[in-house]
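Below you'll find the structure, written out as structure tokens, and then a few comments.
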Amino acid sequence: MAQPLTITKMKKMKQDRNPITVLTAYDYPSSKLAEEAGIDVILVGDSLGNAVLGYDTTIPVTLDDMVYHTRSVRRGALNTFVVADMPFMTYRIGREATLRNAARLLQEGLANAVKMEGGEDIADEVQALVHAGVPVMGHLGLTPQSINQIGGYKIQGKLEQEAEQLLRDAKALEAAGAFAIVLELVTEPIAEAISKELSIPTIGIGAGRGCDGQVLVFHDILQYSSPYREKRFVKTYADIGTTIRSAIGAYVSDVKTGAFPEEKHTFQLEPGTVVLPHLYGSGSNPDNESTKQERKQTT
């Protein structure tokens with residue numbers, strides 16, 4: 001069995017130009033399948049708010065949600081490096097609170113590391129976590145927790161000023177001790193330039209071919225949602241949603257028409273077994289004949 005990755009091994013993968021594969025997962029069966037498929041890193045993203053919990057954004061996701069789902073993922077992926085998102089407002093609220101909240105994801109959720117959105121503005125908190133022994137993955141570009149502030153899911157790094165800020169943020173995270181950085185919806189040239197500037201790996205999602213690894217959402221690559229919304233930066237590998245819907249529809253039809261269960265789905269008594277009629281409540285009188293005779297003899 002292969003040994004799980006470490007942050008040191010990931011840095012070596014960047015140096016060797018060995019792309020790092022990352023996939024989100026939110027529960028035991030999906031993480032187990034991801035590990036069996038050979039994924040390098042599992043990210044328990046706060047995108048579970050959209051993919052699993054039915055929210056429109058990641059903002060309603062709580063720390064308790066993340067701890068619960070991260071612990072479920074760990075049970076399915078004992079030998080994979082697991083990163084857990086720190087959800088909205090569990091950091092940026094003071095170093096003490098940040099440390100305490102991150103500790104829960106490692107101690108209760110059993111994650112190997114946490115992920116945080118932001119750049120220069122959170123560098124101090126990243127540094128505090130790293131000094132406390134908590135590995136931190138950064139997240140730049142489109143930052144879903146700031147969706148209300150940035151006004152939608154927009155491509156980042158189109159303008160020179162945006163590109164310069166992204167590079168400053170990336171260097172600040174590296175200096176603070178982050179072991180990797182997710183670049184989301186960043187223009188390909190800027191993502192590639194940032195990747196070349198850093199000694200730590202970059203993991204792209206909608207950031208082109210120049211990153212040191214890629215991450216996609218479990219439910220996106222499998223079209224495991226309804227309705228499924230196409231995304232330009234996503235490649236889907238199976239249409240599980242249609243398969244599941246069709247299978248459930250067939251089950252409903254079989255039950256309604258009596259096609260299920262068939263005899264092969266039932267269980268029978270052992271040969272020679274005698275079933276007392278009253279066991280099944282047969283007849284209107286619960287007394288059987290032998291009981292009636294016994295009562296006559298005693299009167």
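For the range 76-99, the criterion of being more than 13 Å from the chain's Cα centre (by Cα) and basic (Lys, Arg) is satisfied by at least one residue.
Screening the candidates ALA176, ALA193 for the property of being out of contact with any Asp or Glu (no Cβ under 9 Å at 6 or more places or on another chain), aliphatic (A, V, I, L, M) and at negative phi yields one hit, ALA193. For the condition under 15 Å from ALA111 (Cβ atoms) and among the hydrophobic types (A, V, I, L, M, F, W, C), LEU78 qualifies.
The set of residues in the range 72-110 being of a type in the set (D, E, K, R) and either surrounded by 18 or more Cβ atoms within 10 Å (Cβ to Cβ) or in contact with a Lys or Arg (Cβ under 8 Å, 6 or more places away or on another chain) (or both) consists of ARG74, ASP85, ARG104, GLU108. The set of residues in the range 219-251 that are in the same structural domain as VAL22 (by TED's automatic domain parsing) and more than 28 Å from ARG209 (Cα to Cα) comprises SER226, PRO227. Among the residues making up the range 195-243, those that are within 19 Å of the chain's Cα centre (by Cα), outside any loop (DSSP other than H, G, I, E, B) and not aromatic (Phe, Trp, Tyr) are ILE203, GLY204, ILE205, GLY213, GLN214, VAL215, LEU216, HIS219, ASP220, ILE221, ILE240, GLY241. Where helices (runs of 4 or more DSSP H) fall wholly inside the range 123-188, the ranges with 2 or more residues that are of a type in the set (Val, Ile, Thr) are 123-131, 147-150.
Just to be sure, is TYR237 out of contact with any strand residue (DSSP E or B) (no Cβ under 9 Å at 6 or more places or on another chain), of a type in the set (Ser, Thr, Tyr) and surrounded by 13 or more Cβ atoms within 10 Å (Cβ to Cβ)? It is false that TYR237 is out of contact with any strand residue (DSSP E or B) (no Cβ under 9 Å at 6 or more places or on another chain), of a type in the set (Ser, Thr, Tyr) and surrounded by 13 or more Cβ atoms within 10 Å (Cβ to Cβ).
Taking the residues in the range 100-158 that are among the polar types (S, T, N, Q) and modelled with pLDDT of 95 or more as candidates, determine which candidate is nearest to GLN214 (Cα to Cα). Filtering the range 100-158 for residues that are among the polar types (S, T, N, Q) and modelled with pLDDT of 95 or more, the one nearest to GLN214 (Cα to Cα) comes out as ASN112. So is GLY249 outside any strand (DSSP E or B), at pLDDT 95 or above, out of contact with any Leu (no Cβ under 7 Å at 6 or more places or on another chain) and under 29 Å from THR8 (Cα atoms) or not? No.
The values are calculated or read from the model by the stated rules, or taken from the named source; none is laboratory data. Since the model is a prediction, treat every value here as computed from it, not as a measurement. Reconstructed Cβ throughout: ideal geometry from the backbone, glycine too, with neighbour counts over all protein chains shown.
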